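A.B. asks: What follows is a single structure, and I will ask about it in a moment.
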Amino acid sequence: MARNEVVDFEGSGWVELTNAENASGVVAIQNRGVDPVRVLATTDGTAPAASEAGGWSYLPGEADARTLADMFPGLTSPVRLWAKGRRGGYVMVSYA
């Protein structure tokens with residue numbers, strides 16, 4: 001199922017951007033919040049550990065559009081995308 005919407009989240013935990021489904025094509029994201037957010041991919045529906053330090057950081061207004069495999073070349077078969085902000089976040093996500 002495709003997703004094309006803004007994900008608004010509070011708190012400092014990881015929030016799934018891929019809507020509980022695998023994303024194999026291009027995933028477009030944009031940080032629409034006022035604080036940086038980190039994004040991280042996983043190989044299944046298990047959220048990253050609370051202490052997970054990896055991922056990419058996106059400043060307010062920054063955007064990206066790539067496959068998860070291109071975003072995270074060191075991860076074998078990434079299929080889910082997660083976001084985390086220090087005080088929450090506001091991320092646009094679009095994929096088919």
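The values are calculated or read from the model by the stated rules, or taken from the named source; none is laboratory data. Quick caveat: nothing in here was measured; it's all calculated off a predicted structure. Cβ placement follows ideal geometry from the backbone for every residue including glycine, while neighbour counts extend to all protein chains displayed. For accessibility, only protein heavy atoms count, side chains too; no ligands or nucleic acids. Shrake-Rupley method; radii C 1.70, N 1.55, O 1.52, S 1.80 Å.
A.B. asks: What does the net charge come to around N19 if you take all other residues with beta carbon closer than 12 Å to its beta carbon, with K and R at +1 and D and E at -1?
C.D. replies: Numbers: positive: R3, R80; negative: E5, E16, E21.
Net charge in that neighbourhood comes out at -1.
A.B. asks: Starting from the 7 Å offset along Cα-to-Cβ, what nm value, one decimal, do you get for the label separation of R87 and D44?
C.D. replies: Result: 3.6 nm between the two label points.
A.B. asks: Starting from 0.36 nm per residue, how many nanometres of slack lie between S12 and A63 once their C-alpha separation is accounted for?
C.D. replies: On the way: separation 51, 0.36 × 51 = 18.36 nm, distance 2.06 nm.
Contour length minus Cα-Cα distance gives 16.3 nm.
A.B. asks: Continuing with this model, one more query. Before I look further, what does the chain give for accessible area per residue, probe 1.4 Å, in whole square angstrom? Show your work: numbers first, answer last.
C.D. replies: Values: 5100 Å² over 96 residues.
Ligands and nucleic acids excluded, the result is 53 Å² per residue.
A.B. asks: To the nearest 20 Debye, how big is the dipole of the chain about its Cα centre, given +1 on the beta carbon of each Lys and Arg and -1 on that of each Asp and Glu? Don't skip to the answer; put the middle values down first.
C.D. replies: Details: 8 positive and 11 negative charges, 26 e Å.
With only Lys, Arg, Asp and Glu charged at Cβ, the dipole is about 120 debye.
A.B. asks: Around V91, under 12 Å between beta carbons, what's the net of Lys plus Arg minus Asp minus Glu among the other residues? Present the calculation step by step, with values, prior to reporting the outcome.
C.D. replies: Working: positive: R3, R32, R38, K84; negative: E5, D8, E16, D35, E62, D64.
Taking every Cβ under 12 Å from that of V91, the sum is -2.
A.B. asks: Could you sort 46-54, 86-94, 73-81, 1-9 so that the peptide with the highest average Cβ count within 10 Å comes first and the rest follow in order? Walk me through the numbers on the way to the answer.
C.D. replies: Details: 46-54: 11.0, 86-94: 17.7, 73-81: 15.2, 1-9: 13.0.
Order by mean packing, descending: 86-94, 73-81, 1-9, 46-54.
A.B. asks: Measuring from label point to label point, each 7 Å out along Cα→Cβ, what is the R3 to N19 span in nm?
C.D. replies: Here the modelled spin labels are 0.8 nm apart.
A.B. asks: With unit charges on the beta carbon (Lys/Arg positive, Asp/Glu negative), name the residue among L17, M1, V91 whose Cα is farthest towards the positive pole of the charge dipole of the chain.
C.D. replies: The listed residue farthest towards the positive side: V91.
A.B. asks: Continuing with the same structure: How large is the helix-only mean residue ellipticity at 222 nm for the chain, computed as the sum of -39500 (n - 2.57) over DSSP H runs with n ≥ 4, divided by its residue count, in deg cm²/dmol to the nearest 500?
C.D. replies: Details: 1 runs with 4 residues, N = 96.
So the calculated ellipticity at 222 nm is -500 deg cm²/dmol.
A.B. asks: How high is the relative contact order of the chain, in percent, counting Cα pairs under 8 Å that sit 6 or more residues apart? Please report the intermediate quantities before stating the final value.
C.D. replies: On the way: 237 pairs, mean separation 49.2, N = 96.
That works out to 51 percent.
A.B. asks: Using 1/(1 + (r/R0)^6) with R0 = 25 angstrom and r between the beta carbons of S77 and A53, what's the FRET efficiency to the nearest 0.05?
C.D. replies: Here the calculated transfer efficiency is 0.70.
A.B. asks: What are the principal axis extents of the Cα atoms in the chain, in Å, biggest first?
C.D. replies: 30, 28, 21
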